[in-house]
Amino acid sequence: MMTDKGLYIYCLAQGNQEEPLELRGLGGQPVMALLHRGLIAVVEECEAKSIQSEDQKVLADGLLIHQSVVDIAWERYETVLPFSFGMVIRPMDGKTAGENLKGWMERESEELRGKLMRLKSKAEYGVQVIWDPTIVLPKIRHNDKEIQDLEKEIQSKPKGVAYLLERKLAEIIKKRLEEAANVYFKDFYQRIRNCVEEIHVEKVRRENPPKQMIMNLSCLQEKDEVVLLGRELEKIGKIQGFDVRFTGPWPPYSFA
Amino acid sequence: MEPTRQGRATLVDLLDRVLDKGLVINADIIISLAGIPLIAVELRAAVASVETMWEYGLMRDFIGTHPRA
């Protein structure tokens, strides 16, 4: 390996053979398995500089190739620690990128092995719950005396006063929806928590209005052992006004 | 309910993971992607325009069936 080259890193795994993966990576170079004391780093030789391109399409392709390589390595080695997109190891202090990577693997060896052990045979699943407040609201309104009284009052008042009361009503509705979302979140979280080994709460994403994502989770579970989780999500998805998205299995990015 | 890896919403879910999650090396031997938050926003848009997972599948076929001699 030339000393001035960098190494793009895809993932780490456990193994004892430095066999080629027979893949091309995002730079078009062969993907290699770099072995160091029972740990394998899946890498590709590249320029020792930041992955950059003016062309978004090139970067987007690179991202998909990154994930594809991690996926294929995941199939081969059963357990991987996936790296975030865009990490390049550089040569420095007279050492090649490969030597630097091995040095890092040596220093972090215990922690990396511990992580690989914890993630053995496990996969990550994405769970998102989306609700339509316009469908849920009538139920809330039906059970809320304060809202009902205010609505009656608005009808009996002159326009100016009614306008102010309507604003007050909108505030109360907003608050009730937030409270309801919170109650649903806690309930769903507990039910999902019981079906998986580990769980991370992620930031919610924007949905097309009026729909809103009220829950975005990353769940760690034995690969393909998600029958219980699937059943629970099906129940949640049957509640009127709620949709559930269930994605995966993914390499355990959120738990690496 | 079965988990899926198909569809546009799924692709966004995957992107969030590959861009924001995953192992990082915090040491001077690493050159990381400069300006990640900005790139992430642009990449999400670029990848969201990829025709669902079709192109993703194609990518996988490409890297898997064209090994270097």
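Details
- Probe 1.4 Å, accessible area per residue of segment A:5-112, Å²: 40 Å²
- For A:W131, net neighbour charge (Lys/Arg +1, Asp/Glu -1) across residues whose Cβ lies under 11 Å away: -2
- Candidate lysines for bridging to A:K139, where Cα separation is under 22 Å - those fewer than 8 sequence places away on the same chain excluded: A:K152, A:K168, A:K174, A:K175, A:K186, A:K211, A:K235, A:K238
- Using alpha carbons only, the radius of gyration of segment A:6-98 set against its Kirkwood radius gives Rg/Rh = 0.96.
- Helix A:145-156 axis versus longest C-alpha principal axis of chain A: approximately 50°, rounded to the nearest ten.
- Degrees between helix A:109-118 axis and first principal axis of chain A (Cα, 0 to 90, nearest 10): 50 degrees
- The three principal axes of the C-alpha atoms in segment A:199-247 carry coordinate ranges of 35, 24, 13 Å, sorted with the longest axis first.
- Cα gyration tensor of segment A:122-255 - equivalent ellipsoid semi-axes, whole Å, descending: 38, 13, 11
- Remark: the A:L150-A:E198 segment gains 12.8 nm on full extension, using 0.36 nm per residue and subtracting the alpha carbon distance.
- Principal-axis tilt of helix A:159-193 within chain A, Cα atoms, nearest 10 degrees: 40 degrees
- Per-pair calculated FRET efficiency, R0 = 25 Å: A:D55 and B:S32 via Cβ, rounded to 0.05: 0.80
- Of the accessible area of the protein assembly as shown, computed with a 1.4 Å probe over protein heavy atoms only, carbon and sulfur atoms account for 52 percent.
- Interface B:A - total buried accessible surface [probe 1.4 Å, Å², rounded to 100]: 5100 Å²
- Excluding same-chain neighbours fewer than eight residues apart, the lysines reachable from A:K120 by a Cα-Cα span under 27 Å are A:K102, A:K203, A:K223, B:K21.
- According to the calculation over all Cα-Cα pairs in chain A, the P(r) per 5 Å bin from zero is 1, 5, 11, 12, 12, 11, 9, 8, 7, 6, 5, 4, 3, 2, 2, 1, 0 %.
- Placing dummy labels 7 Å off each Cα toward the beta-carbon, the span from B:E42 to A:F185 is 3.3 nm.
The values are calculated or read from the model by the stated rules, or taken from the named source; none is laboratory data. These figures come from a predicted structure and were not determined experimentally. Neighbour counts run over all protein chains shown; Cβ positions are idealised from the backbone, glycine included. Keep in mind that these areas ignore ligands, DNA and RNA; they rest on the heavy atoms of the full protein, side chains included. Shrake-Rupley method; radii C 1.70, N 1.55, O 1.52, S 1.80 Å.
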